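Down below is the structure, laid out as structure tokens.
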Amino acid sequence: MTTTIENLKDKFKVLKLKNASENISEIISHAVENDFSSEKLIEYILDQEIEGREVARLEKYLKQAAFPEYKPLSEFNLEEQQTLSKKQFNQLKELSWLERGYNIVLLGPTGVGKTSLSIGLGIHAINEGYKVIFANISDLIYWLKTAEMIRTSKTRLNRVLKCDLLIIDDIMFMAMEKQESNLFFQLINKLYGQTSIIITSNKGPTDWGELLGDQAITAAILDRIIHKCEIINLDGDSYRLTHRETIFGKS
């Protein structure tokens, strides 16, 4: 039986080689142009498949992470954040803290780059093979409260429980009721020892009692978060105010 492009596509589909199935014509043309041997052709097909799967993995994990914007570490301007040294930045980028199960607390006023840095670290972690979830505190509490009633909340909460890195943004954004504080503690307790957490906040951990309302719960949460943790204070002018845009252009 004569082998055709369609035959090859079907066989690759059976083997779940999606990239090879979709791009076999281009692969063959490239092999002919470069006079590939049989071994080189097989290696090229496998390399293309591996690369395609990695791209698909990154797209999937980035989508599941639900970052509010795509801001890789390459876009974080260290010159505008003088309180974070290049050495500290590089140590964060190495992700050894994530491998060792450490948490990161980013403190500072609005606009100094806490969220941007956390997103950049999250994107970098995904590129290195980790699963990451980004959530502001209000969304996280909503998922916790509605997981038994709403499928999407349960799905997102399950992803949180299975991720390697959870980023909680604006932890002082809203005050919690007693039930919400309890749910939040239960989540932190489940993640303790298995998932690293990045928290951004405009107030230090000693002030989190204002948010959680219950000192006993606050102490229990802090005990688990601060046990293995690096606290980084960011300061300076608001990036958004410094680079604000008006009807007349940038200021």
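By a straight-distance test (C-alpha under 17 Å), which lysines pair with LYS162 as possible cross-link partners, with residues fewer than eight away in the same chain excluded?
Result set, ordered by chain and number: LYS60, LYS63, LYS131, LYS154, LYS190.
Rounded, prolate or oblate: which fits region 47-185 when a ≥ b ≥ c are the square roots of the eigenvalues of the alpha-carbon gyration tensor, with rounded for a/c under 1.5 and prolate only if a/b beats b/c?
Oblate, since a/c reaches 1.5 and b/c is not below a/b.
How many nm is it between the label spots at ILE50 and SER96, if each spot is 7 Å from the Cα in line with the beta carbon?
That separation, rounded to one decimal, is 2.8 nm.
Using the beta-carbon distance between GLN179 and LEU62 and R0 = 25 Å, what value does 1/(1 + (r/R0)^6) give for FRET efficiency, to the nearest 0.05?
After rounding, the FRET efficiency stands at 0.15.
Under 15 Å from the 7 Å Cα→Cβ point of GLN215, by amide nitrogen: which residues of region 148-178?
No residue passes the distance filter.
Calculate for the chain the 222 nm mean residue ellipticity that helices alone would give, adding -39,500 (n - 2.57) per DSSP H run of length 4 or more and normalising by residue count, nearest 500 deg cm²/dmol. Don't skip to the answer; put the middle values down first.
On the way: 12 runs with 137 residues, N = 251.
Counting only the DSSP helices, I get -16500 deg cm²/dmol.
How big is the convex hull of the Cα atoms of the chain, per residue, in Å³?
Per residue, the Cα convex hull of the chain comes to 210 Å³.
Counting only complete DSSP H runs, which helices of the chain cover 24 Å or more along their long axis at the Cα atoms and score a mean Kyte-Doolittle of -1.0 or above? Before the final figure, lay out each step's value.
On the way: long enough: 38-65 (40 Å, -0.70).
Qualifying helices: 38-65.
Would you mind getting me the FRET efficiency between GLU69 and ASP207? Use the beta-carbon distance for r and R0 = 30 Å, nearest 0.05.
0.65
For region 1-75, what's the radius of gyration and Dmax over Cα atoms, in angstrom?
Spelled out, the Cα radius of gyration and Dmax of region 1-75 are 16.4, 55 Å.
Please report the antiparallel percentage of DSSP beta bridges with both residues in the chain, rounded to the nearest 5. Let's see the in-between values first.
Values: 2 of 20 bridges.
So the antiparallel bridges amount to about 10 percent of the total.
Over all distinct alpha-carbon pairs, what is the Kirkwood Rh of region 173-236 in angstrom?
Radius from the Kirkwood sum: 12.4 Å.
Please work out how much length the chain gains when fully extended from LEU41 to THR110, using 0.36 nm per residue of separation minus the C-alpha to C-alpha distance, in nm with one decimal.
19.4 nm
Work out the FRET efficiency for GLU79 and LYS190 from their Cβ-Cβ distance, taking R0 = 30 Å, and round it to the nearest 0.05.
0.15
Each value in this text was obtained by applying a stated rule to the coordinates, not by laboratory testing. Every value quoted in this text rests on a predicted model; they were computed, and no experiment measured them. A quick note on method: Cβ atoms are made from the backbone with ideal geometry, for glycine too, and the neighbour counts reach across all protein chains shown.
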